[in-house]
Amino acid sequence: MSEINNYLKTHKTIARYDYQEQLVDKGYANRTLHIDLSKKEITEKPVTQQMKDLFTGGRGFALWLLWNAINDDTSWDDPENALVIANGPLCGTTAYPGMGKSTVVTLSPLTNSVIDSNGGGFFAPFLKFSGFDALEITGKADKDLIIVIDGNNHQIRLEEAPEEALNTYPLAGILTEMYAMDERDQKNVSVITSGEAANHIRYAGLNISYFDPKRQEVRVKQAARGGSGRVFRDKKLKGIVVRYAGISGSSNNPAKPDLIRKAGKRINQEITKYDEQQNNMREIGTAHLVEIMEHFDLLPVHNFRFGSHPEHIKIDSTTWHDAFTQDKRMDSCWLGCTMACSHGVDGFELKTGPHAGEKVLVDGPEYENAAGLGSNIGVFDPEAILEMNFYCDTYGVDTISFANTVAFCMECFQYGILTEEQTGGLDLSWGNASSALDLLHQMARGEGFGVVVGQGTRYLKTYFAEEFGGDPAFLHDIAMEVKGMEISEYMTKESIAQQGGYGMALKGGQHDEAWLIFMDQVENLLPSFEEKAEALHYFPMWRTWFSIHGLCKLPWNDIKPVDNKDTDQPERIPEHVENYTWVYEGVTGNKVSPEDLIDQSERVYNFQRVFNLRVGFGTREYDFLPYRAMGPVTDEEYESRQERYDKQLKELVNIDPAGLSTSEKNAKLRKYREDQYLKLLDVVYKRRGWTSNGVPTKEKLSSLGIDLPEVLAVVKNHQ
Ligand code: SF4
């Protein structure tokens, strides 16, 4: 406690704002909080009916606030860039699982376009119950500071905080203790932090905390994607703290609580009864996917070259099941989430870095970390994965971007594009976890080759071509990024629908828009282009729905009703969609159909596409993937699946592979696959009501009701 008091003594309050209490009404606080760090001004803005009608909440509100904050030429590091953290009208519900997500929106240092990223933890609900549907931060502070939102005393403060170190471990714990009334009150505090790497790299993320009463420790979930941590530090933020005591089932002041309870009862019974037989999320979390991906040749290995590896058994779910500690069925990152998939490893002894020798709690790993920090860089040592997982979180590094940039460098190292001379002496051979950790520590210290790697794969491919003489075309083919953001950890070579899911994703290569690999590749449910286009319309809209309401999507499809397969559209999980219509009506009082939910998303999705256009992107040329995500780049890759590719040449392309060299066959396969992708873009754009250049038509915007003058002005020269 004396350490905390010593820190507190150095704090200086530079702005204070006392606000009126305003209770949440049917899911909305009905105002947003705006902090201008340059002017040290704290104000509030009303939420208008138009905002609710057009943008619903969460990501929708955040996009609208950012749209109004910036100019057409604002860059991510201009003071006008807003960092917006929003909740959503259903966020904070406790009677249904997965209802506590924050969505972060800003101009990204990694993509230079609009980024949205979501994370668990308690921040978003606490922000709402403190009185705000979103927090919008613009300007830049002169000195490191902490924003404190005291939701019970209705006061906001900007406090200069010169002494605390930046890293999430131990900063999140220090701030929790500092702003809690006493030990028991720690559960009422949530903080957002990043880490030292956020001062230096473009793919720095944010950590969102919650207090785990079972462990009596602060834990973190990440809104990691796209560099919002870099923006956070560029504004000189050290932490954002919200304290709110008094959460109850009626905090959202819901219109029809019985309907929410009805939906909650239905899904909670399913989870209790069937999770163990289905994905076993409560024991293993998303790490259950490792062996499934491997089985279907979908686990990224060595920079997405291969889809399986014999050593995968060292990092599969059995390993993580044994490693996860405590009563796993209590591992939820928001109150009332019975899916409880947020597992962790207690007492893990670190071997490297500033905390070497300390025993720490590692949050995770989730599937993306096991695959990215594992097989994709050739590491099959669970302890090394845990160590990287911990330091990524602590330093504020996005694990997916880190993994892919390291994998890219390792492949360049293999081909001699990179040498130890250029890496500052680091041996970047596949599987060298020690070098990967060195890169990570360098990112935090702001030195060495680690800082170069931290600029992201899009930067690296140009840098390696210009500085080290690498072949630009080859580097482009193997740099696993879309729109500047590193692709998440699934192989898409054999699923053109998933290629579209990555390529057309608004923010870049992230699977939270569409995850169609199984439907397309494994179950063959999308044989025609029209069926693929329908899926690439429906699923991105449906998945958008979660982020405009402040929800986690895992309880939608990581558990299924037993009779789901007998329904008309089992891949949509109709019973769960019905649950969400009940919860929506239960909170807001407005009766909705499943189609109404899609309409809500479609408005926000199309608006975000126009937003991309406004900031210089958002057309067809930005919807392409590196060829590595579409097919074999090298002869070695072709030959690793020769039988499959030869068969495809024969049956799909009408070319007899006999007598052709591997390079010749590979070139013909590539031509075919790239043509197929062009065709896919055409049919998907048409289905979405976009021009052949990927721009929403005026008619489409009008039919959605988002034909605002400023929106039409952006698309007018692209019709
Ligand atoms: S399903 Fe998992 S990630 Fe989602 S809210 Fe529940 S515990 Fe958190």
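Considering segment 538-551, the residues that are surrounded by 22 or more Cβ atoms within 10 Å (Cβ to Cβ) and within 15 Å of GLN510 (Cβ to Cβ) include one that is nearest to the ligand (Cβ to nearest atom), namely PHE546.
Restricting attention to segment 552-591, which residues are away from the ligand (no atom under 16 Å from the Cβ) and in contact with an Asp or Glu (Cβ under 6 Å, 6 or more places away or on another chain)? Steps first, answer last, please.
Here is the first cut: in segment 552-591, the residues away from the ligand (no atom under 16 Å from the Cβ) are 561-572, 574-575, 577-578, 581-582, 584-591.
Passing the criteria: PRO561, LYS591.
Any residue at all in segment 259-267 that's buried (at least 16 other Cβ atoms within 10 Å of the Cβ), part of a loop (DSSP other than H, G, I, E, B) and either modelled with pLDDT under 95 or in contact with a Gly (Cβ under 6 Å, 6 or more places away or on another chain) (or both)? Looking for residues that are buried (at least 16 other Cβ atoms within 10 Å of the Cβ), part of a loop (DSSP other than H, G, I, E, B) and either modelled with pLDDT under 95 or in contact with a Gly (Cβ under 6 Å, 6 or more places away or on another chain) (or both), one finds none in segment 259-267, hence no.
Scanning segment 92-125 for residues that are within 12 Å of the ligand (Cβ to nearest atom) and touching a strand residue (DSSP E or B) at 6+ places or on another chain (Cβ under 8 Å) gives LYS101, SER102, ASN118, GLY119, GLY120, GLY121, PHE122, ALA124. Pull up segment 301-320, narrow it to residues that are in a helix (DSSP H, G or I) and free of Cβ contacts under 8 Å to residues at least 40 places away in the same chain, then point me to the one that is farthest from the ligand (Cβ to nearest atom). Of everything passing the filter in segment 301-320, PRO310 is farthest from the ligand (Cβ to nearest atom). For segment 507-536, the set of residues classified as farther than 30 Å from CYS333 by Cα, of a type outside the set (Gly, Ala, Ser) and part of a helix (DSSP H, G or I) consists of ASP520, GLN521, VAL522, PHE529, GLU530, GLU531, LYS532, GLU534, listed by residue number.
The sole residue among SER342, SER332 that is surrounded by 23 or more Cβ atoms within 10 Å (Cβ to Cβ) and either polar (S, T, N, Q) or within 11 Å of the ligand (Cβ to nearest atom) (or both) is SER342.
Do we have ILE201 as buried (at least 20 other Cβ atoms within 10 Å of the Cβ) and either basic (Lys, Arg) or part of a loop (DSSP other than H, G, I, E, B) (or both) here? Yes: the conditions hold for ILE201.
Cβ separations smaller than 9 Å between residues 6+ apart or across chains give the following pairs from segment 207-230 residues that are in a loop (DSSP other than H, G, I, E, B) to residues that are hydrophobic (A, V, I, L, M, F, W, C) and buried (at least 24 other Cβ atoms within 10 Å of the Cβ): ALA224/ALA204; ALA224/LEU206; ALA224/CYS392; ALA224/VAL397; ALA224/ILE400. Quick check: anything in segment 285-300 under 30 Å from LEU110 (Cβ atoms), of a type in the set (A, V, I, L, M), within 16 Å of the ligand (Cβ to nearest atom) and touching a Lys or Arg at 6+ places or on another chain (Cβ under 9 Å)? Checking segment 285-300: not a single residue is under 30 Å from LEU110 (Cβ atoms), of a type in the set (A, V, I, L, M), within 16 Å of the ligand (Cβ to nearest atom) and touching a Lys or Arg at 6+ places or on another chain (Cβ under 9 Å).
Residue-wise test of (1) β-branched (Val, Ile, Thr); (2) closer than 30 Å to PRO97 by Cβ; (3) crowded, with 23+ Cβ neighbours inside 10 Å.
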position	(1), (2), (3)
MET281	no, yes, yes
MET293	no, yes, yes
LEU299	no, yes, yes
ASN303	no, no, yes
SER308	no, no, no
ILE315	yes, yes, yes
THR318	yes, yes, no
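Scanning for something part of a helix (DSSP H, G or I), hydroxyl-bearing (Ser, Thr, Tyr) and either more than 23 Å from TYR395 (Cα to Cα) or at pLDDT below 95 (or both), does segment 469-491 turn up at least one residue? No, because not a single residue in segment 469-491 is part of a helix (DSSP H, G or I), hydroxyl-bearing (Ser, Thr, Tyr) and either more than 23 Å from TYR395 (Cα to Cα) or at pLDDT below 95 (or both). For ALA497, the conditions (1) modelled with pLDDT of 95 or more; (2) out of contact with any strand residue (DSSP E or B) (no Cβ under 6 Å at 6 or more places or on another chain); (3) more than 22 Å from GLU387 (Cα to Cα) all hold with the exception of (1). Listed by position, the helices (runs of 4 or more DSSP H) enclosed by segment 620-719 that each have at least 1 residues that are farther than 30 Å from LYS52 by Cβ are 635-640, 642-652, 662-688.
The values are calculated or read from the model by the stated rules, or taken from the named source; none is laboratory data. On a predicted model such as this, the values are computed, not experimentally measured, just so you know. Don't worry about glycine lacking a Cβ; one is built from the backbone with ideal geometry, like all the others, and counts go over all protein chains shown.
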